[in-house]
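Read the figures in this text as sums done on the coordinates, not as results from a lab. Here the structure is a predicted model, which is why all the values come from computation and not from measurement. Please note: Cβ atoms are built from the backbone with ideal geometry, for glycine as well, and neighbour counts cover all protein chains shown.
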Amino acid sequence: MSTELVSPEFWDVLDEYGNNTGRFYERTLLFTNGHMSEGEYHLIVHIWIINNNGEFLISQRAPNKSQPYMWECTGGCAVAGDDSLTTALKEVKEELGVTLDPKNGELFKRYKRVFNNGSGDFVDVWVFRQNVLLSDVIFQEGETCDAMLAGKKEILRMIDDGIFVGREYFPYYDEFFNAVATDSAINFTLRKVLLEDAYDYAALHIACWRDAYAGIISDEYLNNMSAELEQRVEKARQMLSNHSDWEYYCAQCGDDMIGRLIYGKSQDEDKPDAGDITAIYLLADYWGKGFGKQMMDFAISELSSKGYREFVVWVLADNDRARRFYEKYGFIRDGATKEMVIGEPMAVVRYTLSRQ
């Protein structure tokens, strides 16, 4: 007979706003009390792992668990002292044996559940865009017994068929799949821009700027860009005709041109040996789907193949969304600044990434 002692699991007790109260709750009390006390909450995470083909890694619950053999995304409760991201990484490692890169994760949303007695939980829904092979999955006994890769349509069919944990436990399904999963994800590609693309590329430039800089650059400037379309088309033709050090790519979903990518040799006097990601834009409808990271991965890979080990990007100081994207990718602000006139003088800051 084993004499091994199992330490009890404790949760941080959160208040109704999700703030840590400094108190703890022993999980085993749920077996006797059914719920935490009124006004007490704890943190749960759901983790959706999606690959470049738009397929989600889902797992099947072990036969000894509640809802045996039901399919679901990975999830679990945060133990005392662990934050949301730490919990997400731990749960996937424990249940599937898979190590996720925290840089690939994005918090989709947090929602609050309140039970009849006034207690509840906060559920953080994470999306990790990472390619995981089924052969890499290691099942934890008593937790998971199978895994598969499934697209949006397949999972929705499984929900309707009653073999995937239902909407009463995952009320965000429809919002999630509409926002995160697209049937066109499988068809996302990058290709070089051709001379005959000049008109579409110029029009895309205008559309991307309107999406990216709404509320940052003046409406007057953004609205006037359409009047300059012909000039921008001609400028695009000139750029595409010149055999320069710059590479011009467009992102596509199916036949639709949805993004722009330009990279080449840095023109900064203090960074003559760096690669420069000069432009990386997507239409707003395609934000938050992992396409921007794929574009950055491609640019860094191509520049690295040419011998570059340092990379720079310039970004408007007021463009918080873009700055978060670069920082999450690993770029660090290096202190360099300059001013650009875009209807009015605007501050621009530089970020640097080193890959030795």
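Side notes on the structure shown:
- Of the beta bridges in the chain, as assigned by DSSP with both residues counted there, near 80 percent are antiparallel.
- Placing dummy labels 7 Å off each Cα toward the beta-carbon, the span from Glu247 to Trp287 is 2.7 nm.
- Whole-percent P(r), segment 2-127, all Cα pairs, 10 Å bins from 0: 12, 38, 36, 13, 1.
- Loop exposure criterion: GluC sites (Glu not before Pro), DSSP state outside H, G, I, E and B, at most 16 other Cβ atoms within 10 Å. Applied to the chain, the longest stretch between such sites is 39-140.
- Using a cut-off of 23 Å between Cα atoms, the listed pairs Lys152/Lys328; Lys152/Lys192; Lys109/Lys293 include Lys152/Lys328; Lys152/Lys192 as exceeding that distance.
- Close amide H partners of Arg333, meaning residues 5 or more places away or on another chain with modelled amide H under 5 Å apart, are Thr352.
- Stretched out straight at 0.36 nm per residue, the stretch from Asp136 to Thr28 would grow longer than its current Cα-Cα span by 35.7 nm.
- Entry note, segment 1-148: relative contact order of 28 percent, from Cα contacts under 8 Å with a spacing of 6+ residues.
- For segment 38-46, 3J(HN,Hα) per residue [Karplus equation, 6.51 cos²θ - 1.76 cosθ + 1.60, θ = phi - 60°, Hz, x = Gly/Pro]: 3, x, 9, 9, 9, 9, 10, 10, 10
- Euclidean distance between Cα centres, segment 60-84 to segment 187-223, Å: 43
- Potential lengthening between Asp270 and Lys306 on full extension [0.36 nm per residue; Cα-Cα distance subtracted]: 11.0 nm
- Rounded FRET efficiency, nearest 0.05, which uses the C-beta distance separating Leu195 from Asp255 and R0 of 22 Å: 0.75
- Here r is the Cβ-Cβ distance between Ser66 and Ser226 and R0 is 56 Å; the resulting FRET efficiency, rounded to 0.05, is 0.45.
- Eligible aspartates and glutamates near Lys153 by straight Cα distance, threshold 13 Å, same-chain separation 8 or greater: Glu55, Asp161, Asp174, Asp183
- Calculated P(r) tail over 37 Å for the chain, as whole % of Cα pairs: 33
- Taking every C-alpha pair closer than 8 Å and separated by at least 6 residues, the mean separation divided by the residue count of the chain gives a relative contact order of 12 percent.
- A straight chain from Ile206 to Ala347 at 0.36 nm per residue would run longer than the Cα-Cα distance by 48.7 nm.
- Across segment 237-356, the relative contact order, built from alpha-carbon pairs under 8 Å that are at least six residues apart, equals 19 percent.
- Backbone phi angles across segment 307-312, fed through the Karplus curve with coefficients 6.51, -1.76 and 1.60 (θ = phi - 60°), yield HN-Hα couplings of x, 6, 10, 10, 9, 10 Hz in residue order; Gly and Pro are listed as x.
- For segment 319-345 and segment 138-158, distance of Cα centres in Å: 40
- Our coupling estimate for segment 343-354, obtained by passing each phi through the Karplus curve with A = 6.51, B = -1.76, C = 1.60 and θ = phi - 60°, is x, 7, x, 9, 7, 10, 10, 10, 10, 10, 10, 10 Hz, Gly and Pro reported as x.
- Counted by Cβ distance under 9 Å from Asp124, the other residues give a net charge of +2, where Lys and Arg count +1 and Asp and Glu count -1.
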